[in-house]
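Following: one structure in structure tokens, then a few remarks.
Every read-out reported here was derived from the displayed coordinates using simple, explicitly stated rules and does not represent laboratory data. Keep in mind it's a predicted model, so treat the numbers as computed, not measured. No Cβ is skipped: glycine too gets one built from the backbone with ideal geometry, and neighbour counts run over all protein chains shown.
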Amino acid sequence: MGGQIEAIITLLVALIMIVGASFSLLAALGVIRFPDLYTRMHAASKAGTVGSGLLLFAAGLHSLDPAIFARALAAFVFFVLTAPISAHLLAKAAHQAGYRMSRLSVIDQLPQKEEARSL
Amino acid sequence: MTELAILWSILLAQVMLALAMAFALYRIVKGPHAQDRVLGLDALYINAMLMLVAFGVRTANTVYFETALIIALLGFVSSIAFAKFLMRGEIIE
């Protein structure tokens, strides 16, 4: 019975690992393919957080050790806390520096300074 | 059978993460503006950390997890510093 449960956990870890890695790959694909910084950031910070969360969860589960699991969980919580902060700050920096949105985007509701040098 | 499944899935995950790192590197090299390069660096350090976690699962070594935490911490601080530098032109005021 114990062996069976371990086998199930191992298969679950394998599955979660592949799903998490595909999320990370899709995030990086978004970083390449999207037209401007703001959309790229959208892909990187959302899908990247999901991918890293799944992979860290898989790693913590695989060890079957509460100490390692707590570490993986701490890393995940740290990511959830910090990814929006860095994305927000970078987007604000880009907007303040006059980084225009791509022509495909519809509306920019944040007022942009007129004298900002256009990049 | 399960050992084989986990080995192959780790290999697949590592290949995907390596591809993701290559994509982020492409954005760092190509990126039209400095902000794009910082975003690429952000994606690169996250994927590098996940790669280390995958190595940790493969070798069952706990040192990789500490390393992953340190990389996450330093990467966050560095991208904040870069963003602040791009916004104000200086980091410490």
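What residues from segment B:6-25 fall in the zone where the backbone N is under 20 Å from a label point 7 Å along the Cα-to-C-beta line of A:Leu29? Once the point is set 7 Å along Cα→Cβ of A:Leu29, B:9-25 turn out to lie under 20 Å by backbone N, inside segment B:6-25. Between 0 and 90 degrees, the angle of helix A:37-63 with respect to the longest Cα principal axis of chain A falls at about 10 degrees. Counting beta carbons within 10 Å around each of A:Val80, A:Val50, B:Val38 and listing the fewest first gives the order A:Val80, A:Val50, B:Val38.
Averaging 1/r across all pairs of distinct Cα atoms in chain B and inverting the result yields a Kirkwood radius of 14.6 Å.
Here B:Ser78 and B:Ala5 are evaluated by their C-beta separation; at R0 = 41 Å the FRET efficiency comes out at 0.65. What separates the Cα centres of segment A:32-63 and segment B:1-39 is a distance of 11 Å.
Dipole magnitude for chain A: computed about the Cα centre from +1 point charges on Lys and Arg Cβ and -1 point charges on Asp and Glu Cβ, it is near 380 debye.
If r is the Cβ-Cβ distance from A:Leu64 to B:Ala34 and R0 is 30 Å, what FRET efficiency results, to the nearest 0.05? Intermediate values should be presented prior to the final figure.
Numbers: r = 45 Å, r/R0 = 1.48.
Approximately 0.10, to the nearest 0.05.
Take A:Met101, B:Met21 and order them by how many other Cβ atoms sit within 10 Å, fewest up front. Numbers along the way, then the final one.
Details: A:Met101 17, B:Met21 21.
Result, fewest neighbours first: A:Met101, B:Met21.
With each run of n ≥ 4 DSSP H residues scored as -39500 (n - 2.57), what mean residue ellipticity at 222 nm is computed for chain A after dividing by its residue count and rounding to the nearest 500 deg cm²/dmol?
Values: 3 runs with 90 residues, N = 119.
Calculated at 222 nm, the ellipticity per residue is -27500 deg cm²/dmol.
Scanning chain B for DSSP H helices at least 24 Å long along the axis (C-alpha atoms) with a Kyte-Doolittle mean no lower than 1.0 picks out B:2-30, B:63-88.
Largest first and in whole Å, give the semi-axes of segment A:2-100's equivalent ellipsoid, each being the square root of 5 times a Cα gyration tensor eigenvalue.
On the way: eigenvalues 227, 47, 5 Å².
Semi-axis lengths for segment A:2-100 are 34, 15, 5 Å.
At a Förster distance of 30 Å, what's the computed FRET efficiency of A:Val50 paired with A:Ala7, Cβ-Cβ distance as r, to 0.05? Plugging the Cβ-Cβ distance into 1/(1 + (r/R0)^6) gives 0.70. Of the residues B:Met51, B:Met87, A:Met17, the one with the fewest other Cβ atoms within 10 Å heads the list, and the complete ranking is B:Met87, B:Met51, A:Met17. Just want to confirm a number: the relative contact order over chain A, from Cα pairs under 8 angstrom separated by 6+ residues, in percent. Taking the mean separation of contacting Cα pairs over the length of chain A, I get 22 percent.
Taking every DSSP helix (H) stretch of at least 4 residues in chain B, weighting each as -39,500 (n - 2.57) and dividing the sum by the residue count yields a mean residue ellipticity at 222 nm of -31000 deg cm²/dmol.
In units of the compact-protein estimate 2.2 N^0.38 Å, the protein assembly as shown shows a Cα radius of gyration of 1.11.
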